[in-house]
Amino acid sequence: MVTVMSEPNEQVFFAACATRPILDQIANKWTIMILTVLCARPQRFNAIKRQLEGVSQKALTQALRRLERNGLVARRVVPVSPVAVEYSLTPLGRSLQQPFEALYNWTREHLPALEQAQREFDRRSTNPHEEII
């Protein structure tokens, strides 16, 4: 169980903390999306890329390598012609499925409030002298 909130003096977000690089990598926007895409089933590189609008080949390659290095994704060469590579979640990677689903569901549930807050912020930003009530 994570006790970050109950132990505010713990320096878990300091650069020297061992968890910091892992949290940085997991929180990366492509990482979350890649792992979510792979939750359904193993997929080839191009199938993953097609589902992640805006990801470059380089960014996807780098993210998949980081995920493989951290033991979250497995890479398997498929012996077909031409040779293909398939990516799948490892058991460790699959353990992130529940937190990612919770985050996604939270986003969907709170989307109207988030959009309203953004509109209000943008309105104030374009009229900085407007009084906030």
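For the range 39-133, please list each of the helices (runs of 4 or more DSSP H) lying entirely inside it that holds at least 3 residues being closer than 22 Å to D24 by Cα and under 14 Å from the mean Cα position of the chain (by Cα). Break it down stepwise before answering.
Numbers: elements: 45-51, 57-69, 91-94, 97-126.
Qualifying helices (runs of 4 or more DSSP H): 57-69, 97-126.
Please determine, by comparing only the residues of the range 63-77 that are closer than 19 Å to A47 by Cα and of a type in the set (G, A, S), which one is surrounded by the fewest Cβ atoms within 10 Å (Cβ to Cβ).
Our first condition is that a residue be closer than 19 Å to A47 by Cα; within the range 63-77, this holds for 63-68, 72-77.
Applying the additional criterion that residues be of a type in the set (G, A, S) yields 63, 74.
Numbers: A63: 23, A74: 17.
Per the criteria, the residue is A74.
Quick one: is Q51 among the polar types (S, T, N, Q), within 21 Å of A84 (Cα to Cα), crowded, with 17+ Cβ neighbours inside 10 Å and modelled with pLDDT of 95 or more?
Judged against the criteria, Q51 is not a match.
Please count how many residues of the range 78-113 are out of contact with any Leu (no Cβ under 8 Å at 6 or more places or on another chain), under 20 Å from N46 (Cβ atoms) and at pLDDT 95 or above.
Kept after step one, since they are out of contact with any Leu (no Cβ under 8 Å at 6 or more places or on another chain), are these residues of the range 78-113: 78-86, 91, 94-95, 98-99, 101-106, 108-113.
If we keep only those that are under 20 Å from N46 (Cβ atoms) as well, we get 78-86.
The next check asks that each one be at pLDDT 95 or above; those that pass are 86.
Of the residues in that region, 1 qualify.
Given the criteria surrounded by 12 or more Cβ atoms within 10 Å (Cβ to Cβ), of a type outside the set (V, I, T), over 20 Å from P91 (Cα atoms) and in contact (Cβ under 8 Å) with a residue 24 or more places away in the chain, does L60 qualify? Walk me through how you get there before you give the answer.
Working: surrounded by 12 or more Cβ atoms within 10 Å (Cβ to Cβ): yes; of a type outside the set (V, I, T): yes; over 20 Å from P91 (Cα atoms): yes; in contact (Cβ under 8 Å) with a residue 24 or more places away in the chain: yes.
Criteria met by L60.
The values are calculated or read from the model by the stated rules, or taken from the named source; none is laboratory data. Everything numeric in this text was worked out from a predicted model, so none of it was measured. Cβ sites come from the backbone with ideal geometry, for glycine too, and all protein chains shown count toward neighbours.
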